[in-house]
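Contents: one structure, followed by commentary.
The values are calculated or read from the model by the stated rules, or taken from the named source; none is laboratory data. Given the structure is predicted, the values throughout are model-derived calculations rather than measurements. Ideal geometry is used to build each Cβ from the backbone, glycine not excepted, and the neighbour counts take in all protein chains shown. All accessible areas refer to the heavy atoms of the entire protein, side chains included, with ligands and DNA or RNA removed. Shrake-Rupley method; radii C 1.70, N 1.55, O 1.52, S 1.80 Å.
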Amino acid sequence: MPTPPDFASLSLAEIARLAQAHKLPPVESWNPEHCGDSEMRIARDGTWFHQGSPIGRAAMVELFSTILRREADGSYVLVTPVEKLSIDVEDAAFQAVEMKAEGTGEAMRLAFRLSTGDLVTAGPAHALRFAATEEGPRPYLHVRGGMEALVARTVYYELAQIALANGSEPAGVWSEGQFFPLEPAE
């Protein structure tokens, strides 16, 4: 598998180009019979496990993430044209581990790198939302097919700094012309 480019060195235009060029398998069109349990789990911190042991090879996790699908009932499966196996997801299927901001105010664009190497730009097709939890607000980024990335705490702090600096009321951030308030939805 080729080495991904350094996220920090990319412009948002390059990130958008790379994200668009990243072709995923058409998992939404594959409908084999359910075959069983994959014996896999994605922990809340984004670690993938098989039979209780962490999957140490990043390339394997990246590969499995391309065949991950969320079902209409909210469950998750790994799917190929001939096989569908359930997988447990404790919180979110992905983790947003790095962010890059470009522009200011309504012209701002926010791009995220996921722990799987995927690149996602927040906007109308990839909304940011903030859930209220006992530990405080928990930020999520829509990735694809009803699946989200939990935004890492350090990245959330970057979002909060941007929101405080732009002086919006309520506090929030812009990306791709859409405003995302940092307040959890009621």
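Structural remarks
- Candidate set from the stretch 124-137 (those that are outside any strand (DSSP E or B) and without any contact (Cβ under 8 Å) to a residue 12 or more places away in the chain); member that is surrounded by the most Cβ atoms within 10 Å (Cβ to Cβ): Glu135
- Taking (1) open to solvent by 40 Å² or more (accessible area, probe 1.4 Å); (2) touching a residue at least 60 places away in the same chain (Cβ under 8 Å); (3) more than 10 Å from the chain's Cα centre (by Cα) in turn, Arg113 satisfies each apart from (3).
- Filter pass, Glu39 being part of a strand (DSSP E or B), more than 25 Å from Phe130 (Cβ to Cβ) and out of contact with any Asp or Glu (no Cβ under 9 Å at 6 or more places or on another chain): yes
- Some residue of the stretch 153-161 being over 30 Å from Glu39 (Cα atoms), of a type in the set (Val, Ile, Thr), modelled with pLDDT of 90 or more and surrounded by fewer than 18 Cβ atoms within 10 Å (Cβ to Cβ): yes
- Among (1) assigned to a strand (DSSP E or B); (2) of a type outside the set (A, V, I, L, M, F, W, C); (3) open to solvent by less than 70 Å² (accessible area, probe 1.4 Å) - the single one Gly46 does not satisfy: (1)
- Within the stretch 82-92, the set of residues being modelled with pLDDT of 95 or more and open to solvent by 60 Å² or more (accessible area, probe 1.4 Å) comprises Asp88, Glu90.
- Here Tyr140 passes the criteria (1) more than 21 Å from Phe94 (Cα to Cα); (2) crowded, with 18+ Cβ neighbours inside 10 Å except the one numbered (1).
- Here the condition is being open to solvent by 80 Å² or more (accessible area, probe 1.4 Å), modelled with pLDDT under 90 and closer than 17 Å to Lys84 by Cβ; of Glu33, Glu39, it holds for Glu33 alone.
- Answer from Glu106, Glu98 - the residue that is touching a residue at least 12 places away in the same chain (Cβ under 8 Å), surrounded by fewer than 21 Cβ atoms within 10 Å (Cβ to Cβ) and not in a strand (DSSP E or B): Glu106
- Selection count where residues are hydrophobic (A, V, I, L, M, F, W, C) and open to solvent by 40 Å² or more (accessible area, probe 1.4 Å), scope the stretch 60-81: 4
- Inside the stretch 139-186, residues that are more than 27 Å from Tyr76 (Cβ to Cβ) and assigned to a helix (DSSP H, G or I) make up a count of 9.
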